[in-house]
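The values are calculated or read from the model by the stated rules, or taken from the named source; none is laboratory data. Worth saying up front: this structure is predicted, and the values here are computed from it rather than measured. Note that we place each Cβ from the backbone using ideal geometry, even for glycine, and neighbour counts take in every protein chain shown. What goes into the accessible areas is simple: the full protein's heavy atoms, side chains included, and nothing from ligands, DNA or RNA. Shrake-Rupley method; radii C 1.70, N 1.55, O 1.52, S 1.80 Å.
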Amino acid sequence: MSLDAETIRKAPKVLLHDHLDGGLRPQTVIDLAAEHGYRELPTTDADDLATWFTRGADRKSLELYLEGFRHTVAVMQDPDSLMRVAQECAEDLADDGVVYAEVRFAPEQHLEHGLDMDQVVEAVLAGFRKGSADRGITIGTLITAMRHAAHSREVAELAMRHKDEGVVGFDIAGAESGYPPTRHLDAFQLIQRELSHITIHAGEAFGLPSIWEALQFCNAERLGHGVRIVDDITVDDDGDAHLGRLAAFVRDNRVPLEMCPTSNVHSGAAPSLAEHPIDLLKRLRYRVTVNTDNRLMSNVTMTSEMTALVETFGWTLEDLRWVTINAMKSAFWPFDQRLALIDDVIKPGYEALGATR
Ligand SMILES: O=c1[nH]cnc2c1ncn2[C@@H]1O[C@H](CO)[C@@H](O)[C@H]1O
Ligand SMILES: [Zn+2]
């Protein structure tokens, strides 16, 4: 069987890094804007709008990449809209063959029409429940604090109030340069004391110091992107890789890398897909995972992203199974349930498609 997009769509996939406000259906953005009298969209044609978002994202700067979120966040300011977006997110991921996903968003950005942060979280959780029921997908929610703002402690408390309802961990996102993870140390310490989970966007628009702080000061269990870890790896003329201390630490400790190749090309964290470090890191047996980041902004799905890796680097079905199992092992989900998904869903799913050991 050839490894085409249709085969990959059928394969069970695990997604650890996906932004709720970066993955709306274009038509939903248009519908919600009309409903709420939001008049700032550049067009009301769904295809044109999708193209507009991706053109805006693909400008080789994280700050520019993030500009498009102004519009998606603007139409996600009331319970019904938040619920609809979350429900459609679960449906779209399930249709794409995703069996487990962790989806993140920043509650502090959805307060413009009078909601409080608890109401925001409750609406999103309800949408995920509705969209994932009977669809063969499990969704965990990650709560993000914006790194340029000063609400992270409050957001961490919020996340912990909802940890028995589907919130599985905490993250920081937004412009990286100038906003080191240690600005939010008290938030991370709270999450640790509460025995919950931490992932941090680090090593995307800024390099090794950001990764080092995320891991060694803030106790991140996973790295959002982490691509810049290659700055600490040199490959000599014989093709042998030499790891610096931080690169060795990340590999030795099996720190999961939530890699998002297309998004990285758009934001300038990698020069092109062919030059993206994901293939080198996979060959060096880092704990690599494959993710979408922002399905709308970067015009990707898990299927398209995996297909691109197959086409660019010659990855096989066995490689796709490897990154999928890596991701499931790294999920912020109870161990027994992770194992059950690996043994009962992921392994049989790849076997059915002809994967060999
Ligand atoms: O790749 C990324 N790097 C940093 N921040 C991001 C990325 N993608 C999205 N966001 C930011 O996270 C917020 C909450 O979901 C989004 O509103 C966006 O500003
Ligand atoms: Zn991200």
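The table for this structure:
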item	result
Counted residues, the stretch 264-293 - those being within 15 Å of ligand 2 (Cβ to nearest atom) and either under 15 Å from ARG59 (Cα atoms) or surrounded by fewer than 24 Cβ atoms within 10 Å (Cβ to Cβ) (or both)	7
Complete set of residues in the stretch 93-121 that are closer than 23 Å to ILE198 by Cα, in contact (Cβ under 8 Å) with a residue 40 or more places away in the chain and not aliphatic (A, V, I, L, M)	TYR100, GLU102, ARG104, PHE105, PRO107, GLU108, GLN109, ASP118, GLN119
The stretch 176-204 residues that are without any contact (Cβ under 8 Å) to a residue 12 or more places away in the chain and over 21 Å from GLU258 (Cα atoms), paired with ones that are part of a strand (DSSP E or B) and open to solvent by less than 10 Å² (accessible area, probe 1.4 Å) (beta carbon under 8 Å, 6 or more apart)	none
Among residues of the stretch 310-343, those that are open to solvent by 20 Å² or more (accessible area, probe 1.4 Å) and either modelled with pLDDT under 95 or under 19 Å from LEU223 (Cα atoms) (or both), counted	4
Single residue of the stretch 215-236 satisfying the filter (at positive phi and in a loop (DSSP other than H, G, I, E, B)) that is surrounded by the most Cβ atoms within 10 Å (Cβ to Cβ)	GLY226
Some residue of the stretch 297-307 being in contact (Cβ under 8 Å) with a residue 40 or more places away in the chain, within 15 Å of ligand 2 (Cβ to nearest atom) and open to solvent by 10 Å² or more (accessible area, probe 1.4 Å)	no
In the stretch 157-183, the residues that are buried (at least 24 other Cβ atoms within 10 Å of the Cβ) and away from ligand 2 (no atom under 16 Å from the Cβ)	ALA159
Selected residue [under 29 Å from PRO256 (Cα atoms), open to solvent by less than 70 Å² (accessible area, probe 1.4 Å), hydrophobic (A, V, I, L, M, F, W, C) and assigned to a loop (DSSP other than H, G, I, E, B)] from LEU3, LEU15, LEU66, LEU41	LEU3
Scope the stretch 91-114; condition touching a strand residue (DSSP E or B) at 6+ places or on another chain (Cβ under 8 Å) and within 16 Å of ligand 1 (Cβ to nearest atom); matching residues	LEU93, ALA101, GLU102, VAL103, ARG104, PHE105, ALA106, PRO107, GLU108, GLN109
Condition met for ASN264 (touching a strand residue (DSSP E or B) at 6+ places or on another chain (Cβ under 9 Å) and either more than 25 Å from SER177 (Cβ to Cβ) or within 16 Å of ligand 1 (Cβ to nearest atom) (or both))	yes
Pairs, first in contact (Cβ under 8 Å) with a residue 40 or more places away in the chain in the stretch 34-47, second part of a loop (DSSP other than H, G, I, E, B) and surrounded by 10 or more Cβ atoms within 10 Å (Cβ to Cβ), C-beta under 8 Å, six or more apart	HIS36/VAL75; HIS36/GLN77; HIS36/ASP78
Residue ID - farthest from the chain's Cα centre (by Cα), chosen from residues in the stretch 17-31 that are closer than 26 Å to GLY174 by Cα and away from ligand 1 (no atom under 13 Å from the Cβ)	ILE30
Criterion violated by LEU24 - all others in (1) surrounded by fewer than 19 Cβ atoms within 10 Å (Cβ to Cβ); (2) assigned to a loop (DSSP other than H, G, I, E, B) satisfied	(1)
Qualifying position, being in contact (Cβ under 8 Å) with a residue 40 or more places away in the chain and either within 16 Å of ligand 1 (Cβ to nearest atom) or under 26 Å from THR324 (Cα atoms) (or both), among ILE172, ILE233	ILE233
The stretch 248-263: number of residues that are open to solvent by less than 40 Å² (accessible area, probe 1.4 Å), touching a Phe, Trp or Tyr at 6+ places or on another chain (Cβ under 9 Å) and either part of a helix (DSSP H, G or I) or away from ligand 2 (no atom under 16 Å from the Cβ) (or both)	3
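Residues checked against (1) within 16 Å of ligand 1 (Cβ to nearest atom); (2) assigned to a loop (DSSP other than H, G, I, E, B):
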{"site": "LEU280", "(1), (2)": "no, no"}
{"site": "ASN299", "(1), (2)": "yes, yes"}
{"site": "GLU318", "(1), (2)": "no, no"}
{"site": "ARG321", "(1), (2)": "no, no"}
{"site": "MET328", "(1), (2)": "no, no"}
{"site": "PHE332", "(1), (2)": "no, yes"}
{"site": "GLN337", "(1), (2)": "no, no"}
{"site": "GLY349", "(1), (2)": "no, no"}
